[in-house]
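> My questions will all concern the structure given below.
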Amino acid sequence: MTEEEMRKRLAGLRIEHRDLDAAIAALTAANTQDQLQIARLKKRKLRLKDQISIIEDYLTPDIIA
């Protein structure tokens, strides 16, 4: 994967992460009884956050200060 492709992937993951956050907030605000669905969305959001962190770490150069 080139750096440009990784940046595009990172942007897509961030958008999906934000969308999941909005969906979780909407389900929570609606006082839905579907706790399983909310838990699944939260788990997916955490996986996305991990993927985002991995790509950000790869794209950010190590600078020893």
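Where a number appears in this text, it was derived from the coordinates with a stated rule and is not lab data. Note that the coordinates shown come from a computational prediction; the quantities given were computed from them, not determined experimentally. Neighbour counts run over all protein chains shown; Cβ positions are idealised from the backbone, glycine included.
> From the helices alone, meaning DSSP H stretches of at least four residues, give me the mean residue ellipticity at 222 nm for the chain, per-run term -39500 (n - 2.57), in deg cm²/dmol to the nearest 500. Mind showing how you got there, number by number?
Working: 2 runs with 52 residues, N = 65.
Only helices count here, giving -28500 deg cm²/dmol.
> Quick one: give the max-minus-min coordinate of the C-alpha atoms of the chain along each principal axis, largest first, in Å.
48, 26, 15
> Another question, then. In nm, what is the difference between 0.36 nm times the number of residues separating ALA25 and LYS42 and their Cα-Cα distance?
Length difference between fully extended and current span is 5.1 nm.
> Enter the angle in degrees (range 0 to 90, nearest 10) between the Cα long axis of helix 3-29 and the first principal axis of the Cα atoms of the chain, meaning the one along which they spread out most.
Between the helix axis and the principal axis of the chain, the angle is about 20 degrees.
> Picking from ILE52, ILE24, GLN35, whose Cα lies most toward the positive end of the charge dipole for the chain (charges on Cβ: Lys, Arg +1; Asp, Glu -1)?
GLN35
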